[in-house]
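This report concerns only the one structure given below.
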Amino acid sequence: MFQDEVADFLESEKLSAEVDVPIQGHSGSDYKVNVRVLIRNREALIATVSPKTPASAISRVDHVLRMWHDVNGNREKYTLFNDEVTQVRSEDVYLLEQANSFVHKWSARELLVAALKAEERVH
């Protein structure tokens, strides 16, 4: 699975990554975040988007948007597109950024690592 590939890559970059982490939103809804990284005193949540069809990309982004709105708060939220298997639509990037998510592409994964390791967050 893509989330396992992401977690393995982050571990190789000396970042401790957990997969399928249960979290609860402010509404009381339960979610599973694909990857969680704990860095110093920060928690970074990563939703992975690696659909097989354009239609499933839309439904996956919709799910991530719902989750990000519900878990808003002090958590850092990242959305990682597997752009090696699906096209990243600009409207999806826009919506996810509006949900306070940092959006990254798998083809530029070094930028995700740099963002995770950064001391400060600027959105």
Of the conditions (1) modelled with pLDDT of 95 or more; (2) polar (S, T, N, Q); (3) over 19 Å from Met1 (Cα atoms), Asn34 satisfies every one except a single condition; which number is it? (3)
Restricting attention to segment 7-20, which residues are surrounded by fewer than 16 Cβ atoms within 10 Å (Cβ to Cβ), at pLDDT 95 or above and either in contact with a strand residue (DSSP E or B) (Cβ under 6 Å, 6 or more places away or on another chain) or within 25 Å of Asp70 (Cα to Cα) (or both)? Glu11, Glu18, Asp20
Count, please, the residues in segment 70-117 that happen to be of a type in the set (Gly, Ala, Ser) and not in a helix (DSSP H, G or I). 3
Any residue at all in segment 37-56 that's assigned to a loop (DSSP other than H, G, I, E, B) and modelled with pLDDT of 90 or more? yes
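The values are calculated or read from the model by the stated rules, or taken from the named source; none is laboratory data. Because the structure is a prediction, the values reported are computed rather than measured. As a convention, Cβ positions derive from the backbone with ideal geometry for all residues, glycine included, and neighbour counts pool all protein chains shown.
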